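Asks: Structure provided below as structure tokens; questions to follow.
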């Protein structure tokens, strides 16, 4: 069943602009991860945020988590053409499940 | 290389044939996952192996799908009597151990096309 839902489905911006992608989920989570997928490739882990954290940074990436709203956002600052990819959130649900549930992703295009 | 390796990268076969997809996880990773990704869609969980424990097969869509993991390392996903709706990219991932707080490391997938 679908847990995370990313929004928007597609986003097109110019190089240098910031890109914001959102993820909403339904059930309580232990943590949330963001992944990137370049065309024709596998997913690459970007960042993990735990349910007791509100914000996390990694380079040009900033992730926020609002457990009261069951939502997370991924911000990419000063975007580059190389950031063009699909971005997925994945949730680890409470209850001890070892599985991640992935959303359908946001397709980001950064135009040079 | 040190990453997750999948083979073949592409497979085209006729409806009704059996196919085997292979995944070589990162050495030392005890957890291995198989996913299916249809065009433009997210990842659909298929099966999960953790060490020597019985696999979690809850995501397999039908009894035509099976998987094994020999010696806690290489895994093979088998689809019998393939159907056109089986066309998709099949992704394998491994992690150090099986927990949702572990990053998963993905291979580049096998793109399966059923004619």
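We did not get these values from a lab; they are worked out from the coordinates using the rules stated. None of these values were measured; they are calculated from a predicted model. Don't worry about glycine lacking a Cβ; one is built from the backbone with ideal geometry, like all the others, and counts go over all protein chains shown.
Asks: In whole angstrom, how far apart do the alpha carbon centroids of the range B:44-101 and the range A:7-47 sit?
Replies: Measuring centre to centre over Cα atoms gives 24 Å.
Asks: Could you order the peptides A:103-110, B:59-66 from most to least packed, using the average number of other C-beta atoms within 10 Å per residue?
Replies: Ranking the peptides A:103-110, B:59-66 by packing returns A:103-110, B:59-66.
Asks: Testing the spin-label approximation: label points 7 Å from Cα along Cα→Cβ at residue B:58 and residue A:44. State their distance in nm.
Replies: Label at residue B:58, label at residue A:44, 3.2 nm between them.
Asks: Calculate, for residue B:115 and residue B:22, the FRET efficiency according to 1/(1 + (r/R0)^6) with r their C-beta to C-beta distance and R0 22 Å; round to the nearest 0.05. Mind dumping the intermediate values first?
Replies: Values: r = 21 Å, r/R0 = 0.97.
It comes to 0.55.
Asks: Rounded to the nearest 0.05, what FRET efficiency do residue A:26 and residue B:14 give with R0 = 45 Å and r taken as the Cβ-Cβ distance? Could you check?
Replies: On the way: r = 40 Å, r/R0 = 0.89.
Given R0 = 45 Å and the Cβ-Cβ separation, E is 0.65.
Asks: Label residue A:51 and residue A:67 with points 7 Å out from Cα along Cα→Cβ: what is the distance between them in nm?
Replies: Each label point is offset 7 Å from its Cα along the Cβ direction, giving 0.6 nm.
Asks: For a quick check, take a GNM of chain A with Cα springs below 10 Å and name the residue from A:81, A:19, A:90 with the largest mean-square fluctuation.
Replies: The residue that fluctuates most here is A:81.
Asks: For the range B:19-115, what's the relative contact order in percent, using C-alpha pairs closer than 8 Å and at least 6 residues apart? Write out the running numbers ahead of the final one.
Replies: On the way: 198 pairs, mean separation 32.1, N = 97.
Contact order relative to length: 33 percent.
Asks: How high is the relative contact order of the range A:9-112? Use alpha-carbon pairs under 8 Å, at least six apart in sequence, and give a whole percent. Display every interim value, and only then the final one.
Replies: Numbers: 238 pairs, mean separation 39.2, N = 104.
That works out to 38 percent.
Asks: Averaged over A:100-109, how many beta carbons belonging to a partner chain fall within 10 Å of each residue's beta carbon?
Replies: The mean count of partner-chain Cβ atoms within 10 Å per residue comes to 4.
Asks: Partner chain Cβ atoms within 10 Å, averaged over the residues of B:91-103 - can you pull that number for me? Numbers along the way, then the final one.
Replies: Details: counts 4, 1, 5, 0, 3, 0, 1, 3, 8, 18, 8, 7, 9.
So the per-residue partner count for this stretch is 5.
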